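Written out below as structure tokens is the structure these notes cover.
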Amino acid sequence: MRKIAGLLLIASLVLALFFLIYPMYVIRPFRHQEVTELAVSLWMLRFRPLVMVLCVVAGAAATLQLRRVMPVIGLALIVAAAVLSRINVFEKMFYPMGKPSVEAAQQSKLDGREMVIAVNVGGEARAYPIRIISYHHIANDTVGGVPIVATY
């Protein structure tokens with residue numbers, strides 16, 4: 001019975017970590033995503049809360065059966081994976097940028113081939129580099145006296 005409980009604890013830990021890590025690996029930014037792996041990842045995100053609850057319950061049952069220190073550490077890792085799975089890491093990574101800094105085009109250190117979002121309002125122009133916007137997704141600014149949102 002102890003062997004089965006040990007295997008159940010290990011299987012719960014591996015499954016919880018897999019459901020935590022795989023979607024983050026596939027959906028990470030600036031990476032090409034294959035159709036199949038993206039579909040699997042989105043399916044995992046849909047069922048991840050249920051899988052995490054089942055992993056915690058199975059891990060707790062196995063830990064109660066084993067009654068040792070190592071199973072408690074394994075259960076703690078399962079619970080940590082379950083808690084972390086409720087956090088959207090991409091939401092934490094990509095946040096709106098503050099007021100963008102402005103400099104004259106002649107003073108800019110941008111490469112001449114750099115892609116930008118260009119805005120011209122009332123004769124006042126701004127260029128928001130895609131490289132920077134892709135990390136923040138949103139730039140709030142005022143151009144030509146008009147509040148704007150540049151997004152990518």
Exercise. Using 0.36 nm per residue of separation minus the Cα-Cα distance, give me the extension gain between R131 and L110 in nm, one decimal.
Key: 6.5 nm
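Quick check on the chain: helices-only [θ] at 222 nm, where DSSP H runs of length 4 and up contribute -39,500 (n - 2.57) each and the sum goes over total residues. Nearest 500, please.
On the way: 5 runs with 86 residues, N = 152.
Value at 222 nm, helices only: -19000 deg cm²/dmol.
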Quiz item: Over segment 1-133, what relative contact order in percent results from Cα pairs under 8 Å that are six or more residues apart?
Solution: 26
Practice problem: Give, as a single signed number, the net charge of other residues whose beta carbon lies under 14 Å from the beta carbon of V119, with Lys and Arg counted +1 and Asp and Glu -1. | Solution: -1
Exercise. Add +1 for every Lys or Arg and -1 for every Asp or Glu among the other residues with Cβ under 11 Å from the Cβ of I148, and state the total.
Key: -1
Quiz item: How far is helix 35-66 tilted, in degrees, relative to the longest principal axis of the Cα atoms in the chain, given as a value from 0 to 90 rounded to the nearest 10?
Solution: 40
Quiz prompt | Cβ-defined net charge surrounding A16, 13 Å radius [Lys, Arg +1; Asp, Glu -1] | solution = +2
Quiz item: Which loop trypsin sites (Lys or Arg not before Pro) in segment 55-94, with loop taken from DSSP, have no more than 13 other Cβ atoms within 10 angstrom of their Cβ?
Solution: R67, R68, R86
Exercise. Would you mind checking the tilt of helix 69-84 against the longest principal axis of the Cα atoms of the chain, expressed as 0 to 90 degrees and rounded to 10?
Key: 30
Quiz item: Taking the chain, how much of its Cα-Cα pair set, in percent, is spaced more than 21 angstrom apart?
Solution: 61
Quiz prompt | Cα long-axis angle, helix 2-27 against the chain (0 to 90 degrees, to the nearest 10) | solution = 10
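FYI, it's all coordinate maths here, none of it is from the lab. What you are looking at is a predicted structure, and each value in this text was computed from that prediction instead of being measured. FYI the Cβ positions are ideal-geometry reconstructions off the backbone, even for glycines, and counts take in every protein chain you see.
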